[in-house]
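What follows is a single structure, written as structure tokens, with notes after it.
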């Protein structure tokens, strides 16, 4: 029997070196999530139902990272969250939400609230007949009025193959915010908004696809509706699929990766594993990246329930030599952990607990003893399991279910933006200490020093 020794983040420090990198501004934190997907910051929000839905994913992409929409919902709900992200920002909206001339104002407002947009092309079949925007109905109190009574008829349109520069010119000349794109028969083919052009051009660090839309991932499982779910998520134009399983060593995980790579032209991330053997197995199945981490998460009980796991920094270092991109999933509690995870070989990290309790995380704020909180739970907790099976019409078996996750109240933290910025700035500081201008140099230049118990105390780790 072999007994290994493993280390995690608080067991080491990064050794400083002579450096020509004078400030954080000289550092570049961009990374490849997969060979085809590049991020400006190496941070992903976790596919957990108390962490990532569309609001979090939008914020993450705008900051240069990415979010993964969780699978503990119906297929329709998950697809709708993906679509909200893809529609939130993009130079060309290829499939805009539409209404009919006979729809009531009540239906328009319901659709606006559900989809998070305020303007809709008006169509009969696929033929464009008008547009209705918030300024058309904001002062109207009669909810029974029909769209045809309120809409702008004969809206400004352009050919579906218009260039962005030409679109900007038309928007400016006509003093409009939305330009509708049609084919030669007058059928609606898309929409361009002035706001999206402005946002798209303002910051090159935003995570965008080829159409200028925000990048977003989505998770699936390996049993039940996973094939149908994958089909609908690909149709909704999710940028990558995460095969989300606590035990990435199951042969079914590799089988699902093979299925996805064979049937869809989409990037696939799979996990979780914690050893080189596990990472290689998923790489051979066709995974474009693997998630590394068994048990380090703040709401994970796998190690105490099953006695299975691997100290997270050692797991990252071992998996990083498997010849596949690595996402360190779990255990990141501060910016120093992010820096050590990247230094240890991770291409990016996935974060859950740090982003829970924020404005962007799902769930309502609850008050307790004069403080505000939000619920955070592991996806293997009893409550998450119960919610999932009820939403997906599966058989509920509480007595036969052994949870490997817990739930807790986390204090309300405000916006996730400040948290992400603090993490990135800590990583950039670490880079200046080891003469690294980019993450490849950082990994190459870093050396770790092992801490004694006194060293941990001196470092404020205990």
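Selection of segment 351-368 for residues being touching a residue at least 12 places away in the same chain (Cβ under 8 Å) and farther than 17 Å from residue 426 by Cβ yields 352, 356, 357, 358, 359, 360, 361, 362, 363, 365, 366, 368. Scanning segment 216-233 for residues that are crowded, with 17+ Cβ neighbours inside 10 Å, part of a helix (DSSP H, G or I) and without any contact (Cβ under 8 Å) to a residue 60 or more places away in the chain yields a total of 2.
Of the residues making up segment 126-143, those that are in contact (Cβ under 8 Å) with a residue 12 or more places away in the chain and not in a helix (DSSP H, G or I) number 11.
Quick one: count up the residues across segment 234-258 that are part of a loop (DSSP other than H, G, I, E, B) and in contact with a helix residue (DSSP H, G or I) (Cβ under 7 Å, 6 or more places away or on another chain).
7
State yes or no: is residue 155 assigned to a loop (DSSP other than H, G, I, E, B) and surrounded by 15 or more Cβ atoms within 10 Å (Cβ to Cβ)? Spelling it out, residue 155 is indeed assigned to a loop (DSSP other than H, G, I, E, B) and surrounded by 15 or more Cβ atoms within 10 Å (Cβ to Cβ). From the list 197, 170, 192, exactly one residue is part of a helix (DSSP H, G or I), outside the structural domain of residue 41 (by TED's automatic domain parsing) and surrounded by 19 or more Cβ atoms within 10 Å (Cβ to Cβ). Which is it? After applying the criteria, what remains is 197. In this entry, residue 417 passes the filter for residues that are modelled with pLDDT of 90 or more and either surrounded by 15 or more Cβ atoms within 10 Å (Cβ to Cβ) or closer than 20 Å to residue 330 by Cα (or both). Any residue at all in segment 383-403 that's modelled with pLDDT of 85 or more, outside any strand (DSSP E or B) and within 20 Å of the chain's Cα centre (by Cα)? Within segment 383-403, none of the residues are modelled with pLDDT of 85 or more, outside any strand (DSSP E or B) and within 20 Å of the chain's Cα centre (by Cα). Being modelled with pLDDT of 95 or more, farther than 24 Å from residue 65 by Cβ and either assigned by TED's automatic domain parsing to the domain that holds residue 34 or touching a strand residue (DSSP E or B) at 6+ places or on another chain (Cβ under 9 Å) (or both) is true of residue 255. Does segment 422-440 contain at least one residue that is over 21 Å from residue 44 (Cβ atoms) and without any contact (Cβ under 8 Å) to a residue 60 or more places away in the chain? So far as segment 422-440 goes, no, none of its residues is over 21 Å from residue 44 (Cβ atoms) and without any contact (Cβ under 8 Å) to a residue 60 or more places away in the chain.
Which residue is surrounded by the fewest Cβ atoms within 10 Å (Cβ to Cβ), if the candidates are limited to segment 98-125 and must be modelled with pLDDT of 90 or more and part of a loop (DSSP other than H, G, I, E, B)? Selected residue: 102. Scan segment 423-462 residue by residue and report those that are part of a helix (DSSP H, G or I), more than 32 Å from the chain's Cα centre (by Cα) and closer than 27 Å to residue 353 by Cα. If the condition is that a residue be part of a helix (DSSP H, G or I), more than 32 Å from the chain's Cα centre (by Cα) and closer than 27 Å to residue 353 by Cα, then 453, 455, 456, 457, 458 are the ones that fit.
If you go through segment 361-382 and pick out every residue that is assigned to a loop (DSSP other than H, G, I, E, B) and surrounded by fewer than 23 Cβ atoms within 10 Å (Cβ to Cβ), you end up with 8. Residues that are out of contact with any strand residue (DSSP E or B) (no Cβ under 7 Å at 6 or more places or on another chain) and modelled with pLDDT of 90 or more within segment 149-158 comprise just one, 149.
The values are calculated or read from the model by the stated rules, or taken from the named source; none is laboratory data. Small disclaimer: the values here were computed from a predicted structure and weren't measured. Please note: Cβ atoms are built from the backbone with ideal geometry, for glycine as well, and neighbour counts cover all protein chains shown.
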